[in-house]
C-alpha cells in the first residue's frame, strides 16, 4: 500500500466514524422533541442571606409574622423542545411540589412571553399548579414564590447545618403528565452565567475511560486542542514518511524455482542474500553480479507509525466533535441566558 492509499484509507475510516457518531447524536437529539427547562433565577434564605446581622428585625406577610426559615424563589419555565405544547398534550398540568413540612406561602406570575396565558390554577401547602395555554417553542413564564422550610432535628453537633435555600432546592420537584416529555431539566442562572453548566451528565469514575475522556473534552470546550492534535498528526505523518528512506531489494529465483524477494548484507567480503522467511545464502561478488535478478524499490513499513498517528488524529477529531456537541446542545441555554439578561 503506497502513501496515497494509506492517507485515503485513514481519511475514509475517520469520515465514516465521525459521520456515524454525528448520526447517533442527531437520532438521540430528535427522538424526543418535547421539553421544558426550569431556570432557577433566585433562591435565597430571607433571614440567612438577606437580613443576616440585622437584629430585632420583624418581617410580616399579610400582617402576620413569618418564620425565619422562609425562602424567596424566582424561576423561569422555558419550552426548550422542538414542539409547541398545546393543551390537548397535557393530561396533568405542571406543578411545583415540596414534601410534607414545607409550606408554600405565596406564588405569583411575574413575567411571561407575549400572548402567553398562564395563571395559578391550584395553590396549597405542598403544591403550586400552573394553568398554561399553548406554550410555543422558546416561550417562557416567570414566577416568584415564598416558601417556609422545616428546621429539622439536629441530633449531634457533628451534623452539618444546611441553609434553608439549599434544603428547598434539594426538596423541590416537578409533577406533570405532558405527552412525550420526561423529567424537567433544572438549571441555575449562576451556572449559565459562569459557563459551567453542562447538558451532559457528570457520570462517575466507574464509567469507561473513553466516556470520561469525551466528557472532559466536552466540558473544557477544547477546540484549540483538537485542531493542534490534528495538525500535529498530519505534520508528524509526513515527517515520518520523509525520515524513513526506501530500500533496495532483489527478486531472484529461490527454492523450488519460485521467485522471492531478498535484501543483501556484506559478510566476510561476500554477499549474503536473506529475507524474513528464513532464506539465507552467501555468494561471491562475481556470482552476485552474474545472478539473474530484478531490482525492487521497497517502501518502509509504516503500519505501526500510521496507527499511532491515526490515534493521535483521532483524539483531535474527538475534541472537535465534543465541541460541536457542546455547541449544538448549548444553543437553547444560550437563548435562555439571553432572555433572562435582556
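Can you give the FRET efficiency to the nearest 0.05 for residue 179 and residue 234, using r as the Cβ-Cβ distance and R₀ = 41 Å? My answer for the efficiency is 0.25.
Exposure proxy ranking for 288, 238, based on other Cβ atoms within 10 angstrom of each Cβ and starting from the fewest, stands as 238, 288. Neighbour counts of other Cβ atoms within 10 Å put 34, 148, 264 in the fewest-to-most order 264, 34, 148. What FRET efficiency would be calculated for the residue pair residue 124, residue 335, taking the C-beta separation as r and a Förster radius of 25 Å, to the nearest 0.05? Calculated value: 0.15. Working from label points 7 Å from Cα in the Cα-to-Cβ sense, the residue 298 to residue 260 distance is 1.3 nm. The slack between residue 97 and residue 281, meaning 0.36 nm per residue of separation minus the straight C-alpha distance, is 57.4 nm.
Taken together, the values in this text are just the output of simple stated rules run on the coordinates, not laboratory data. Predicted model, so just to flag it, every value in this text is computed and none were measured. Every residue, glycine as well, gets a Cβ built from its backbone with ideal geometry; the counts of neighbours run over all protein chains shown.
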